[in-house]
Amino acid sequence: MENGVRFLAFFVVISGFLFSLALEASVELQPHRAYYTVTMESRPDPRSSVTDARGTMLIELNKVCDGWTVQQRSETRLYHNDDTVEHIRWGYVTYEAEDGSLFTFNTYRKTNDELIEDIRGRAERKSDLVTVTYQKPEKKTLKLQEGVLFPLQHIKSLLSVAQEGEQIFPRIVFDGSSDEGSSEINTFIGAKKVTAGNPASEAAHQFANQPFWPVRFAVYGAEKTDYEPMYVTTQDLLPNGIIKQYVIDYGGMKIHGVLDRIELLRDGGC
């Protein structure tokens, strides 16, 4: 029974690939630079030494010739019950071709200024085959499942099905954030909402009272058989791809990011 369920999910991904690409054209992403304030959403697991978390996140989406660039930078301080502070910095830079033929990625993570993780490489799509070539942390090549999506292909397709009223959206996605290949992302899309206005939020940014979809992503390793996701994140997602707020649930701790300020960027074009 388990194998049958997993095969069915995989078949949905494969058969939905061309449909997903066709839907992308109906979505227009807004190039932007967004600044978020990050706090701890809830008290962590009692067994955790973390008592608080504070930080910032930057997300920048740029339209360039024949594709898009994405830059994310986060800086978080975790406060522990022994009065120590852990300083975590994370960065993510990608280029994704408009036609889905190429995806380049660079991910790094530092803890207290020590480089913990450095992942670099490129993924190329030829026909139905996606090949990933890693330069770091070690040189290797992976062949990905047929039908795998890159991140912006995924978000455009998700926004398109949200507009059609769909609620369940399972896909296999490669985003370059791991050296283990792709991930299975099961997405639940809630009914479109509008946040009641208040002067404080209206002054913060122009999208404060725009309609959005509450979206829940459960992320699994593509080759894993565990029922529990690696992590779960929820987002208030605008039709143009801008995230109003998000919560990342790591199991023992939840991190909450709220959009404070946004700059709309011009289409870079060619």
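The values are calculated or read from the model by the stated rules, or taken from the named source; none is laboratory data. Because the structure is predicted, anything quoted here is derived from the model rather than measured. Here the Cβ is made from the backbone with ideal geometry for all residues, glycine too, and neighbour counts use every protein chain on show.
Assorted remarks:
- Residue match in the stretch 98-106 (condition: under 20 Å from S74 (Cβ atoms), at pLDDT 95 or above and not β-branched (V, I, T)): yes
- The residues listed here are V247, V232; of these, the one that is in contact (Cβ under 8 Å) with a residue 60 or more places away in the chain and closer than 22 Å to E184 by Cβ is V247.
- Per this entry, D99 is counted among residues that are of a type in the set (D, E, K, R), under 22 Å from L29 (Cα atoms) and either touching a strand residue (DSSP E or B) at 6+ places or on another chain (Cβ under 9 Å) or in a loop (DSSP other than H, G, I, E, B) (or both).
Condition check ((1) touching a Pro at 6+ places or on another chain (Cβ under 6 Å); (2) exposed (fewer than 13 other Cβ atoms within 10 Å of the Cβ); (3) part of a strand (DSSP E or B); (4) at pLDDT below 95) across all residues:
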| site | (1), (2), (3), (4) |
| --- | --- |
| V132 | no, no, yes, no |
| S157 | no, no, no, no |
| A162 | no, no, no, no |
| G165 | no, yes, no, yes |
| I172 | no, no, yes, yes |
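- Long-range neighbours under 6 Å by Cβ, at least six apart or interchain, first residue among the charged types (D, E, K, R) and surrounded by fewer than 17 Cβ atoms within 10 Å (Cβ to Cβ) within the stretch 82-101, second outside any strand (DSSP E or B) and modelled with pLDDT under 95: E98/D66
- Scanning the stretch 179-203 for residues that are at pLDDT 90 or above and crowded, with 16+ Cβ neighbours inside 10 Å yields D179, G181, S182, S183, E184, I185, N186, T187, I189.
- If you go through the stretch 174-200 and pick out every residue that is touching a strand residue (DSSP E or B) at 6+ places or on another chain (Cβ under 7 Å), hydrophobic (A, V, I, L, M, F, W, C) and either more than 26 Å from I119 (Cα to Cα) or assigned to a strand (DSSP E or B) (or both), you end up with 3.
- Any hit, the stretch 76-91, residues being modelled with pLDDT of 95 or more, under 24 Å from E184 (Cβ atoms) and not in a helix (DSSP H, G or I): yes
- Screening the stretch 216-270 for residues that are modelled with pLDDT under 85 and buried (at least 17 other Cβ atoms within 10 Å of the Cβ) and picking the one that is nearest to G176 (Cα to Cα) gives A222.
- Going through (1) loosely packed, with under 12 Cβ neighbours inside 10 Å; (2) more than 20 Å from K244 (Cβ to Cβ); (3) in contact (Cβ under 8 Å) with a residue 40 or more places away in the chain one by one, Q206 falls short only on (2).
- Against the conditions (1) in contact with a Gly (Cβ under 6 Å, 6 or more places away or on another chain); (2) assigned to a strand (DSSP E or B); (3) modelled with pLDDT under 95, I14 satisfies every one except (2).
- Being surrounded by 14 or more Cβ atoms within 10 Å (Cβ to Cβ) and within 19 Å of D249 (Cα to Cα) is a condition met by no residue of the stretch 60-70.
- Restricting the first member to the stretch 54-71 and to residues that are aromatic (F, W, Y), and the second to residues that are surrounded by 15 or more Cβ atoms within 10 Å (Cβ to Cβ) and not in a strand (DSSP E or B), the beta-carbon pairs closer than 6 Å and six or more apart or on different chains are W68/L152.
- Hits in the stretch 39-68 - residues which are closer than 17 Å to E28 by Cβ and polar (S, T, N, Q): N62
- The set of residues from the stretch 226-241 being over 30 Å from E28 (Cβ atoms) and charged (D, E, K, R) comprises D226, E228.
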